[in-house]
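The values are calculated or read from the model by the stated rules, or taken from the named source; none is laboratory data. Every value quoted in this text rests on a predicted model; they were computed, and no experiment measured them. Here the Cβ positions follow ideal geometry from the backbone for every residue, glycine too, while neighbour counts run over all protein chains shown. The protein model used for the area step is the full one, side chains on, heavy atoms only, and it has no ligands, DNA or RNA in it. Shrake-Rupley method; radii C 1.70, N 1.55, O 1.52, S 1.80 Å.
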Amino acid sequence: MIESKEIISELAPLIEECGFDLFGICEAVIPEEDQKNILSWVQEGKHGKMDWYPKNMDLRFHFRNLGFEPKSVLTLGTLYNDPEYDIFCKTMSFQFSRYTIGEDYHEVLRKLAKPLLSELRKKFPNHQFRQGVDSLPVPEKVLAREAGLGWQAKNTNLIHPDLGSYFFLTVILTDLPIVVANVAVKDRCGTCSACIDSCPTGALAPYQIDAGKCISHHTLEDRSSTIPNTFGWIAGCDICQDVCPWNDVKARKKGIQTRREEFKTRSIFKEDPNSILDLDERGFEKTFGDSAISRMNFSMFRRNVELVKDWSRKKKNI
């Protein structure tokens with residue numbers, strides 16, 4: 001058996017060199033309370049149009065059918081907050097979520113973890129290691145919380161007390177048994193309800209989100225021809241994170257920002273953002289084919305753009 005402090009101490013320099021800002025280890029166990037909460041969330045239909053979510057619950061809760069039985073989970077986080085977003089994107093008449101303005105985080109995080117996975121396989125040749133970046137139906141935020149990367153806040157996002165919530169997560173499942181110390185981060189939301197109060201669609205309740213009401217869900221997950229008002233958002237939504245004191249006061253004051261060029265604001269947002277509204281299918285693929293926005297197809301993109309244009313016209317006439 002290996003102590004988590006021992007392996008973290010040994011791997012920390014490589015993990016940081018790879019480009020990860022947060023890391024921790026937990027047992028490959030989803031607490032019963034979290035399982036119950038997820039099941040209730042699904043039974044109440046709060047997963048919206050994400051029909052894929054209720055599938056593979058054995059894998060989601062018990063890590064089954066992976067080809068090996070995970071014992072431990074290494075959880076890693078990478079900041080994506082780029083200060084240029086506030087300079088350029090916040091002045092636009094429409095909005096893109098911070099995480100969509102750079103390269104596709106799925107590919108970036110896989111690339112960043114390659115040296116770490118190689119070292120783990122070299123160091124522990126008799127054990128299995130498998131990375132997940134939204135590619136495995138496992139509750140990554142729960143695992144990250146258990147690994148001590150932060151607490152799950154009232155807006156359901158994970159918050160680190162020093163780094164805020166603008167970070168991506170990836171997990172590495174392994175059958176390597178690791179003795180894990182209790183590293184829980186105290187919930188510091190307190191009586192604050194800024195995220196709940198600011199959501200224009202009423203998607204949030206304390207520690208719960210109704211995805212079927214969420215702007216991010218509407219823009220990126222719902223493939224219907226018509227969707228509810230997105231209040232100016234074309235891809236994703238950051239409202240509940242932007243108003244969070246742990247981002248506004250703590251993270252930005254300390255200058256916490258991404259180290260990764262891949263997550264920096266792409267040139268179109270700086271040079272000619274309004275041209276985004278007129279992109280044809282070829283232009284859309286060329287501009288956003290390597291970004292997380294590629295999760296939506298072109299018809300969804302045009303649907304979102306037209307909805308935002310209509311919303312902007314109505315605002316001007318009020």
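Here are a few things to note about the model shown:
- Carbon and sulfur %, accessible surface of the chain computed with the full protein complex present, 1.4 Å: 49 percent
- Folded to 0 to 90 degrees: helix 32-43 orientation relative to the chain principal axis, Cα: 30 degrees
- The residues of segment 211-318 have, on average, 52 Å² of accessible surface per residue, using a 1.4 Å probe with all protein chains present.
- By the helix-only formula, in which each DSSP H run with n ≥ 4 contributes -39500 (n - 2.57) and the sum is divided by residues, the chain has a 222 nm mean residue ellipticity of -10000 deg cm²/dmol.
- Kirkwood hydrodynamic radius over Cα pairs of segment 146-304, then Stokes diffusion coefficient at 4 °C and 1.567 mPa s, in µm²/s: 72 µm²/s
- Rounded to the nearest 5, the antiparallel percentage of DSSP beta bridges internal to the chain is 85%.
- Positive-end residue of THR174, PRO228, ILE209, charge dipole of segment 144-300 with Cβ unit charges: THR174
- Ranked order, THR100, THR226 - accessible area, probe 1.4 Å, largest first: THR226, THR100
- Matching label, Rg/Rh (Cα atoms, Kirkwood Rh) computed from the structure shown, candidates [x] 1.34; [y] 1.00; [z] 0.96: [z]
- In the full protein context, segment 1-90 carries 53 Å² of accessible surface per residue, based on a 1.4 Å probe and ignoring ligands, DNA and RNA.
- Any cysteine of the chain lacking a neighbouring Cys Cβ under 4.7 Å - listed by number: CYS18, CYS26, CYS89, CYS189, CYS192, CYS199, CYS214, CYS237, CYS244
- With every protein chain in place and a 1.4 angstrom probe, the accessible-area ranking of SER118, SER40, SER4, largest first, reads SER118, SER40, SER4.
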